[in-house]
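Report on the following structure.
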Amino acid sequence: MATGWQDAWTFRIVDQDTGAAVSGVPVTVLQEGGRGGGYWVSDGDGLVRVPKHDHARLRLRVGLRNEETIELDARSLPDDPIPLTAPRDLPLARGGNAVAPAPEVAPAVTATAASTQPPPGHLIRFSRIGVLPQDREITGAPDAAHIVAPPPDPTTMRYGVVLELELIWQSLGAQAGDTLYSVSVGPGEEVKVAVSDGRWRKKPIAHDRPLQIVAKMVGARQLGEGVDAVPLEPCVASDLAGAATDTVRLLADRTTKMSEALRRRPLGITELDGDKAPGSSVRTLRNMRSEGVLTYHFVEPVERYRVIVRTPRLQAALLVPFRLPNIATREVVRRFGYALRRSLLDRALASDVEQVIGADEPPAGVEQRVYAHIAAHLPYYSATIIAAGDPAERFFALAKLRDPRGRPLTDIIENVVMGRVGNYVAFPLRSDDFTTPELRAALAAAGRGPARPALEVQVTLPIPGVWLRSELFPAQVAVQEDSSAERNPDTGRTERRKQRG
């Protein structure tokens, strides 16, 4: 029994048939309007701890988005673990994750079986904006070479759909990858080797996890960091069910390709003759033995993941255009420089923007080029600043606008940026009742369709750093190699050998 007050409710996810604990099952806390208020995955003991709140009801969903909502009386929930059954057709709950209860006389067997369960997954959220077919022209992103003609009325708000997806990364363990470099050191010798790893950021900050780097590589560049979900490129949602299926495949394919691209980034290992290159680290290898050749092997460490793309959740959205005055100023560019750099229509101006941001007194010609470009594409950069700005300031900007029916936007949308479509910023609607009857009927029809299974892929990601493995060759073998080298001097030199896996 639990003693004292607990700051979280504890739920145990169990199998419907055996009653055994099930790990890796997603649990979502739902807020008003059906939006997610928090995401957890059951641990190896099937436990999920949900922080307590002051609301009278607690609404949960166990499993994927097509599962029914569970509503509980929060005021009467105990502090002891509360059992909840896992769905029968959940991919995460099948295939050996559920452990059958062992007899009481063999507790060691139970502990061994529980230790073989895969660890709970890491969840990353993605979002994609689907525009209606009649608004297809707004998906054409402006380009420096050919700026597309604006729509007939660029100030008109438009309705769309938000496709929210979730990726669950389950680690399958670390292992040794390819052998990158090998060097042999004779008795009493030492060699310095420089390791230059170009796969990660060079800034003196904490590294992101590899799977977070992959998520940023998969997402679109128009939004900076700090958004609720990683945005994907928009699409035309002529068929909502088809758009959902295509988005799942797109996310799985891009995750696989970006994982491979991360492994292909440069990782160089060379023997050091002079000073080391900037950003590289130096390893000193020694052979302190009196006889025998010691060979060191540099190995790339990797980690394999099971990645599960969950079925998207569809929600009505409102695409809002903005036109802010007086944003072509030094103060605005310096404040929102991180967002402007990611969204520049003309990449040739990147160095000019850097000078405006960093220099105390940038050249007048540089500033004029940057300000003229911003003023020429004012709606686009207004949307950039609104999307990346402070939520409180964005709320006051939204309060001044009204939807096509005359209602204040703050009454019908949530102040959460879900994505960008050209000059428009996408906000989710609080309810499907606030959209058009046609879109409302299409969302209802998509929700009544058959449940689509999750898509699963396996990827391999590099781990920061390198592994070092040593191998000792006895003196007798070294003597034989030396004699072979004397007979064939062209191929007998084996003190240094380099291989790329």
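The values are calculated or read from the model by the stated rules, or taken from the named source; none is laboratory data. None of these values were measured; they are calculated from a predicted model. No Cβ is skipped: glycine too gets one built from the backbone with ideal geometry, and neighbour counts run over all protein chains shown. Heavy atoms of the whole protein, side chains included, go into the accessibility calculation; ligands, DNA and RNA do not. Shrake-Rupley method; radii C 1.70, N 1.55, O 1.52, S 1.80 Å.
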## Note on the structure
Quick calc, segment 231-370, dipole around Cα centre from Cβ unit charges on Lys, Arg (+) and Asp, Glu (-), nearest 20 debye, gives 560
### Task
State in Å² the accessible area per residue of segment 367-416; use a 1.4 Å probe, count heavy atoms of protein chains only, and round to the nearest integer.
47
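Classify segment 360-460 as rounded, prolate or oblate, taking a ≥ b ≥ c as the square roots of the eigenvalues of its Cα gyration tensor: rounded when a/c is under 1.5, otherwise prolate if a/b is larger than b/c and oblate if not.
Oblate.
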### Query
Percent of accessible area on segment 256-355 owned by carbon and sulfur, 1.4 Å probe?
47
### Task
Can you work out the PRE-style zone for Glu189? Point 7 Å along Cα to Cβ, and I want the residues of segment 270-288 with backbone N under 14 Å.
271-272, 285-288
#### Entry: Extension gain, Asp79 back to Ser238 (0.36 nm per residue minus Cα-Cα distance, nm)
52.4 nm
### Message
Restricting the calculation to Cα positions, tell me the Rg (one decimal) and the Dmax (whole number) of segment 204-325 in Å.
### Response
22.9, 78
### Query
Residues of segment 222-306: accessible area per residue at 1.4 Å, in Å²?
51
### Query
Going from the alpha-carbon gyration tensor of segment 301-366, what semi-axes, largest first and in whole Å, does one get by taking the root of 5 times each eigenvalue?
36, 22, 10
### Query
Under a point spin-label approximation (7 Å from Cα along Cα-to-Cβ), what is the His377-Asn415 distance to one decimal in nm?
2.9
